[in-house]
Amino acid sequence: MDEKKLTPRSENYSEWYNQLVQRAELADYAPVRGCMVVRPYGWALWENIQNALDTRFKATGHVNAAFPLFIPMSFLEKEKEHVEGFSPELAVVTIGGGSELEEPLIVRPTSETIIGHMYSKWIQSYRDLPVLINQWGNVVRWEMRTRLFLRTLEFYWQEGHTAHATAEEAEAETLQMLNIYTDFALNEAAVPVIPGRKSETEKFAGAVRSYTIEAMMGDTKALQSGTSHNLGQNFAKAFDIQYLDENNTLQYCWTTSWGLSTRFIGAIIMTHGDDQGLIFPPRLAPIQVVIVPIFRNEEEQQKVMETVDRIKAELSQFRVKVDDRAEVTPGFKYNEWEMRGVPLRMEIGPKDVAKNSVALARRDILGREGKSFVAQEGIAQTVGEMLETIQANLLAKATKFRDEHIFEPKNYDEFKDIIENNGWCYVWWKPNSENEAKIKEDTKATLRCIPMEQPGGKGKCIFSGEETTEKAYFAKAY
RNA sequence: CGGGGUGUAGCGCAGACGGCUAGCGCGCCGCGUUUGGGACGCGGAGGUCGGCGGUUCAAGUCCGCCCACCCCGACCA
């Protein structure tokens, strides 16, 4: 990677993405095909994501725990759809400690089964319910084609698993978590997402209903960015998760599961990034403000650094980095930190020392337009306001971009045309798995979701022409 | 797993017709000059040419086998 400039997005979007992830030092390829190393800068972003989510989970009564990585093979086989969905992509351990295992172990692709097994032991009475547990961990799915963050053999995520006394409660929990994901995406990541329900073909293996937040990437492809499943009594029956109700009658629990993974980092990259590099939303950015000191000689250096230190101390509420490297020029630093997505850059040089000012450059607006010279006095407030402005602007920009690429075709020909030319279709849809398959075959587009927000009324299905009451989004997806 | 491609310094590449000490750019290290949008000079370090085998006086270079990775298809948070 010797060229200074990234491959422009318009030239080759996936090349842009691959270069950026590596150059920004978010992640690197591991020696095993399809595996990645999350580097400190990428992990710092993930930690901020974890924080934002974990706070929301705790606020809604969830607790964290840790379940094992290995799951007996037989567990998976207890739920028919589940095993069918996951068996093609399992990593299986057959040897341990040098000898063949009596029963193969799978490396968890998700933990419904082993958690279900434990819940059946822990839950006896309605008084034990609900159980609201989340775990932060890693899982393995042996995917064919991999991309850093978007699809790797091993990835990091959180998976919540809850058990409830009634179907209504389970559904309420499923929707509550969908709302939490939506809130997180909008208000922390500035990623406008469309919450909705998955179709029968797209739902989680073993779920009764799956919900999703769908985001539009910079190339207009859709990315499923978080999911919440109502598992009904499927896993409760498979794993005997039963409780005695108030009337001393044995009942099966109603369970849910919900997850959001390091894939979301991909969503952030591809929602906000531009040809210059990453743009991180201020609330999640590992570094919110980078300070670049500028000086020509030791005397200037001393004065400038005094100011830099003082300003840095005043900004203690923010994540601030002072780039005091002597071996590269300020111009180099500007480019580098822009590439790495730092939302706000502060330049402090001799002129600023003299005028009690600093220069601020917004990452979301490049060039002179995004640059301003502000007083050192009240800098914390100025910076705080600017970060909020940037946060809001990123969401507004991404929302505008998304809305400009959603269309409402009047017929199937128009539909195909829109998909062909990179857009999403918002259409009346009569649920039908065969028709969904045909559309996928024709256009490569899939039903992304049936949005929670519906216009009401009736219309004719874009494919079958039948009368229907719901609209859906179709798009090509990652 | 089917089709296509690539393996030469940390990264990107050249060398391919067998022939001397395997080059170039970027990066890296040292010294000096620089520093408000990707600095420059001088000096350096760094390679079992993906692996194994064969042909030959001689193999990055020719032949065979193997391995890895990338791209395109069938699966997916």
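None of the figures in this text is laboratory data; all of them are computed from the coordinates on show. Note that the structure is a prediction, hence the values are computed from the model and not measured. Cβ sites come from the backbone with ideal geometry, for glycine too, and all protein chains shown count toward neighbours.
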Please work out the FRET efficiency for the pair A:Lys458 and A:Glu89, using the Cβ-Cβ distance as r and a Förster radius of 41 Å; give the result to the nearest 0.05. 0.55
Spacing of the two label points (7 Å from each Cα toward its C-beta) at A:Lys58 and A:Thr389, in nm: 3.3 nm
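Work out how much length A:Ala396 to A:Ser99 would gain on full extension: take 0.36 nm times their residue separation and subtract the Cα-Cα distance, in nm to one decimal. Before the final figure, lay out the partial values.
Numbers: separation 297, 0.36 × 297 = 106.92 nm, distance 5.82 nm.
That works out to 101.1 nm of additional length.
Give the Kirkwood hydrodynamic radius (Å, one decimal) of the range A:116-201, defined as one over the mean of 1/r across all pairs of different Cα atoms. Intermediate values should be presented prior to the final figure.
Values: mean 1/r = 0.0635 Å⁻¹.
In the range A:116-201 this quantity evaluates to 15.7 Å.
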Pair A:Ala326, A:Arg296: separation of 7 Å Cα→Cβ label points (nm): 1.9 nm
Bridge type composition, the range A:289-386 - antiparallel percent by DSSP, nearest 5: 55 percent
Straight-line reach check, A:Lys4, cutoff 20 Å on alpha carbons, 8 or more apart in-chain or any other chain, hits among lysines -> A:Lys333
P(r) histogram, all alpha-carbon pairs of chain A included - 20 Å bins from 0, percent: 22, 49, 25, 4, 0
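For the range A:19-74, what is the convex hull volume of its Cα atoms per residue in Å³?
Working: hull volume 7.9 nm³, N = 56.
Here the figure is 141 Å³ per residue.
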Taking Cα atoms, the helix A:433-443 axis meets the longest principal axis of chain A at an angle in degrees (rounded to 10) of 40 degrees
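Where both partners of a DSSP beta bridge lie in chain A, what percent of those bridges are antiparallel, to the nearest 5?
Numbers: 72 of 88 bridges.
Around 80 percent of the beta bridges assigned by DSSP in chain A are antiparallel ones.
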What residues of the range A:278-306 lie in the reach of a label at A:Asn51, counting those whose backbone N is under 13 Å from a point 7 Å from the Cα along Cα→Cβ? A:282-289
Tell me, what is the FRET efficiency for A:Ser74 and A:Lys371 to the nearest 0.05, using R0 = 60 angstrom and their Cβ-Cβ distance as r? 0.45
Please give the calculated 222 nm ellipticity per residue for chain A, where each DSSP H segment of at least 4 residues contributes -39500 (n - 2.57) and the sum is spread over every residue; nearest 500 deg cm²/dmol? -11000 deg cm²/dmol
When N is the residue count of the range A:289-386, what does its C-alpha Rg come to as a fraction of 2.2 N^0.38 Å? 0.99
For the range A:406-475, evaluate the Debye formula with one uniform point scatterer on each Cα (no solvent term) and list log10 I(q)/I(0) at q = 0.22, 0.23 Å⁻¹, rounded to two decimals. -0.90, -0.99
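Suppose R0 equals 56 Å; then what is the FRET efficiency for A:Glu81 and A:Lys351 from their Cβ-Cβ distance, rounded to the nearest 0.05? Let's see the in-between values first.
On the way: r = 67 Å, r/R0 = 1.20.
Once rounded, the FRET efficiency stands at 0.25.
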How far is it, in nm, from the label point at A:Thr249 to the one at A:Asp28 when both lie 7 Å from their Cα along the line to the Cβ? 6.2 nm
